[in-house]
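The values are calculated or read from the model by the stated rules, or taken from the named source; none is laboratory data. What you are looking at is a predicted structure, and each value in this text was computed from that prediction instead of being measured. Backbone-built Cβ (ideal geometry, glycine too); neighbour counts: all protein chains shown.
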Amino acid sequence: MRVLLAWMSLLVLLVPGPAVGAEGPLTRHRSAGGMEYLLAVPEGRGDVPLMVFLHGCGADPAAYGLQEFGERAGFAVLLPLQGGPEGCWDWVGDRRRGAGQLAEIAAVTAEVEDGHPIDAARVFAAGHSAGSGMTANLVSAYPEVYAAAGFVAGCGRWVCSDVTGALAHAEMGARARPVPAYIVWGTADQTNPYASGRLQLLRWLGMNDRADDGRLDLSVPRLPTGLAWHGPDGSRPAFTVETYRSACAPVVFASGHGMGHIPDFTWPDVLPAMTAFLLAHPRTPAC
């Protein structure tokens, strides 16, 4: 496991302030703490959901196209910009609540909520590659903020190094709660191999198992309760979609057969299905 983590670590944007530019439907802002981010908020729709999406290393966050889904479906999109070395989030080093990039992202999320008509029960976090790993850390550290999580080809420090979900659950502390998740991974991913995606799944299920009652007692199933096959269509590969249902926090694992590290995010089983899943799982008092 240590070898896998070391190898992955080699491979592997947010606070409302004055706008400093515009990129299509997105406006560029700088937070009080100096972090830049892109933001798109639908107008005239009342309180809307918020999707926080963390980009992969060196990637243009607008290129994922999430803002286009937001325009159509009526949710706000927050894209933090990481300008550090190689444009990578520090998913290996930043994994504690109240410190580093995690604290910055959480603070920006709160400022966007305060400054715009956002439904606090429908704030979600997702990411790709290093951004996906950072999302895992973010949601473990701030489970009371993010109702559900989406991951594409990247797992977090607490997740990939944690056999039972114990470390992620411990980081949740008194705020522990099962968190619904939608995970997408390619079987031909050469950057973050498919096996690490299966680890992401197992550790998330273990974290949720502990979070629902404080015990590791198999209250969350480790075998799929639902299975679907979506055949190939043109350039789109076939997908196997596994569902792991539990009382509060279903988890979906979508395997792209022959898919590499960077999918076409418009494929039905990537952003369309992920955003639909997240929107269907707001934070509720019972969970």
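Couple of notes before you dig in:
A quick yes/no check of all residues on (1) under 30 Å from PRO285 (Cα atoms); (2) more than 18 Å from the chain's Cα centre (by Cα); (3) buried (at least 20 other Cβ atoms within 10 Å of the Cβ):
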residue	(1), (2), (3)
GLY58	no, no, no
PRO61	no, no, yes
VAL92	no, no, yes
ALA107	yes, no, no
PRO117	yes, yes, no
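- Subset of region 208-235 [in a strand (DSSP E or B) and surrounded by 14 or more Cβ atoms within 10 Å (Cβ to Cβ)]: HIS230
- Scanning region 36-75 for residues being assigned to a loop (DSSP other than H, G, I, E, B) and among the aliphatic types (A, V, I, L, M) gives a total of 2.
- Filter result for ASP269 (within 17 Å of PRO178 (Cα to Cα), modelled with pLDDT of 95 or more, surrounded by 22 or more Cβ atoms within 10 Å (Cβ to Cβ) and in contact with a His (Cβ under 9 Å, 6 or more places away or on another chain)): no
- Where THR240 falls short, out of the listed (1) in contact with a helix residue (DSSP H, G or I) (Cβ under 8 Å, 6 or more places away or on another chain); (2) at pLDDT 95 or above; (3) hydroxyl-bearing (Ser, Thr, Tyr): (1)
- Selection within region 125-142 - buried (at least 24 other Cβ atoms within 10 Å of the Cβ) and closer than 18 Å to MET207 by Cα: ALA125, ALA126, SER132, GLY133, MET134, THR135, ALA136, ASN137, LEU138, VAL139, SER140, ALA141
- Considering residues of region 172-190 that are touching a Phe, Trp or Tyr at 6+ places or on another chain (Cβ under 6 Å) and over 17 Å from VAL220 (Cβ atoms) only, the residue surrounded by the fewest Cβ atoms within 10 Å (Cβ to Cβ): THR187
- Among the residues making up region 84-102, a single one is among the small types (Gly, Ala, Ser), closer than 16 Å to ALA136 by Cβ and not in a loop (DSSP other than H, G, I, E, B): GLY100.
- Top-ranked residue in region 72-90 [being under 24 Å from GLY44 (Cα atoms) and aliphatic (A, V, I, L, M); ranked as surrounded by the fewest Cβ atoms within 10 Å (Cβ to Cβ)]: ALA73
- Any chance GLY93 is at positive phi, at pLDDT below 90 and not acidic (Asp, Glu): no
- For THR284, the conditions (1) in contact with a helix residue (DSSP H, G or I) (Cβ under 7 Å, 6 or more places away or on another chain); (2) of a type in the set (Ser, Thr, Tyr); (3) part of a loop (DSSP other than H, G, I, E, B) are fulfilled apart from (1).
- Number of positions in region 76-90 that are within 16 Å of the chain's Cα centre (by Cα) and not acidic (Asp, Glu): 9
- Meets criteria (surrounded by fewer than 24 Cβ atoms within 10 Å (Cβ to Cβ) and touching a helix residue (DSSP H, G or I) at 6+ places or on another chain (Cβ under 7 Å)) for PHE69: yes
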